[in-house]
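Worksheet: one structure, shown below.
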Amino acid sequence: MLKQHYRRFLAAHPNELHFTAHSHHYWPDVTRDAMLRCWDDAARLVDDKWSKLHGELMPRLQRRIATLLGSATPSNSASRRTPTNCWCGCCPVCRSTDRYGS
């Protein structure tokens with residue numbers, strides 16, 4: 001059922017049964033494409049990559065999660081900047097707002 005999503009890892013280990021959890025588990029193929037897109041965005045956007053993350057990608061993720069949860073408040077459905085998870089202070093989003101997410 002899920003094998004089709006793990007072709008690269010399965011091809012690299014054709015005769016193994018793998019039961020390890022955490023970071024040692026097989027990654028779905030889509031994660032490779034996502035990493036390459038991330039790398040390409042970083043190269044193309046350089047310092048503006050944070051605006052894309054906070055201004056475009058995070059709100060889209062929040063809307064998707066809110067829809068799945070049936071929530072009317074997307075901003076509560078995924079990580080927000082707080083004292084513990086926004087530490088950079090270097091991206092335009094962090095510089096333009098209160099570091100503590102208020």
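Rule-based calculations on the coordinates, nothing more; no lab input. Computed from a predicted model, the values in this text were never measured in an experiment. Positions of Cβ are backbone-derived with ideal geometry, glycine not excepted, and every protein chain shown enters the neighbour counts.
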Is there any pair with a first residue in the range 24-52 that is under 27 Å from ALA12 (Cβ atoms) and a second that is surrounded by 14 or more Cβ atoms within 10 Å (Cβ to Cβ) and among the hydrophobic types (A, V, I, L, M, F, W, C) whose Cβ atoms are under 6 Å apart and which are 6 or more apart or on different chains, and what are they?
TYR26/PHE9
Residue satisfying all of: in the range 54-63; under 13 Å from the mean Cα position of the chain (by Cα) and in contact (Cβ under 8 Å) with a residue 12 or more places away in the chain; farthest from PRO74 (Cα to Cα) among these:
HIS54
What number of residues in the range 4-37 are of a type in the set (Ser, Thr, Tyr) and closer than 21 Å to LEU53 by Cβ?
1
